[in-house]
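What follows is a short report on a single structure.
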Amino acid sequence: MKALVALILLVQLPIHRAAPAAPPPPLGCDDPESEAAAQFVVDYINGHSHHGYKFALNRIKQVRVLPQGPNNEILFLELDLLETTCHILNPTPLANCSVRTFVEHAVEGDCDVKLQKLNGQFTVLASKCHSHADSAEDVRKHCPDCPLLANLNDTDVLATVSSALNDYNSKNPDAYFRLLEIGRATKQYSPVRMVNVEFAVAATNCTLQQAKDNLQACQLLPEDQSNFGFCTATTVSEPSQDFTAECQLYGHQVPALGALPSFPE
């Protein structure tokens, strides 16, 4: 009888089990952690790109968090970026770089990024980005006479770049500068016929005269002596002819050659 009572009491004892931990609340696009992660990604992209222009954050489109353990999580971000007027070689801080306006036929970037946050430190694990220009038709609706983006290998574009580079080198014969890349070009047909170009340059180990004598022997300076610059030029062919060019040198800059590609056109 005593054994039966003990068995009944044992059955009636409550069983206490630990409740499963509640999942962390979803992270919003406007949360400080999301914004910090997005800014880290933007700085990473600009720091590892070696051509084109710096991009600024426009908005966080989506964020997803996958907890991995104590102080360890994986974040997936979808970012909308905007092209600025600062070339990637320009030492100007991103905060001081202007975003291109719509009437400048602006370029936007979309990025899908996977990064880890471990003990408060971010690390980019994977990234896929692509860019696209605003629709030419949309630009024309708001500004019928605004210049539109042109192909970088357009004959008029190449001619303007060549004229601008020759003009700069002729005025600075002590160091011959070579074209690194054409970053941007626009063409306008009305009310004037005009070509605008932007391009990056770098100093070589030649003077202007040495370049004229043997251009093939002119090589870019080594990284510890490098000198980069950025030029803009405009050619007007109608109704009258005009040409202007201006170059700004940045001095010694070491482009970061990382595995993360910059935005292809």
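Bear in mind these aren't lab numbers, they're just calculated from the coordinates by the rules spelled out. These numbers were taken from a predicted model, which means no experiment stands behind them. Every residue, glycine as well, gets a Cβ built from its backbone with ideal geometry; the counts of neighbours run over all protein chains shown.
Sorted largest first, the spans of the alpha carbon positions of the chain along the three principal axes are 116, 48, 26 Å. Selection among 221, 183, 159 by position relative to the dipole of region 147-251 gives 159 as farthest towards the positive end (Cβ unit charges, Cα centre). Helix 155-171 and the long axis of the chain differ in direction by around 70°, with both axes built from C-alpha atoms. Considering only 235, 155, 92, the mean-square fluctuation computed in a Gaussian network model of the chain, springs between alpha carbons under 10 angstrom, is largest for 155. Simple point charges give the picture: +1 on the Cβ of Lys and Arg, -1 on the Cβ of Asp and Glu, and for the chain a dipole about the Cα centre of about 1080 debye.
Karplus-derived 3J(HN,Hα) values for region 210-215, using 6.51 cos²θ - 1.76 cosθ + 1.60 with θ = phi - 60°, are 5, 5, 5, 6, 7, 5 Hz; glycine and proline are entered as x. Expressed in Å, the radius of gyration and Dmax of the Cα atoms of region 178-232 are 15.1, 47. Cα centroid separation, region 195-224 to region 68-128: 32 Å.
The alpha-carbon atoms of region 147-251, seen along their principal axes, cover 45, 23, 21 angstrom, with the largest extent given first. Coupling constants for region 237-248 follow from the phi torsions by the Karplus curve (6.51 cos²θ - 1.76 cosθ + 1.60, θ = phi - 60°), and in residue order they are 10, 9, x, 10, 9, 7, 8, 9, 8, 8, 10, 10 Hz; glycine and proline get x. If you take the alpha carbon atoms of region 32-137 and fit the smallest convex hull around them, that volume is 103 Å³ per residue. Straight-line reach from residue 54: which lysines have a Cα under 27 Å away, not including same-chain ones fewer than 8 places off? Those lysines meeting the cut-off are 114, 117, 128, 187.
Taking 23 Å as the straight-line reach from the Cα of residue 212, the lysines in range (excluding those fewer than 8 positions away in the same chain) are 171. Amide H contacts for residue 150 (H built 1.01 Å from N in the peptide plane; partners 5 or more residues away or on another chain; cut-off under 5 Å): 185, 186, 187.
Given springs between every Cα pair under 10 Å in a Gaussian network model of the chain, which of 49, 127, 237 has the largest fluctuation? Greatest mean-square fluctuation among the candidates belongs to 237.
Among 95, 175, 37, the largest mean-square fluctuation in a Gaussian network model of the chain (Cα springs under 10 Å) belongs to 95. Its Cα centre serving as origin, region 53-111 has a Cβ charge dipole (Lys and Arg +1, Asp and Glu -1) of approximately 100 debye.
The charge dipole of region 66-186, taken about its Cα centre with unit charges on the Cβ of Lys, Arg, Asp and Glu (plus for the first two, minus for the last two), comes to roughly 380 debye.
For residue 52, the amide hydrogen comes within under 5 Å of the amide hydrogens of 88, counting only partners 5 or more places away or on other chains and with H modelled in the peptide plane. Taking 4.7 Å between beta carbons as the limit, the unpaired Cys residues of the chain are 29.
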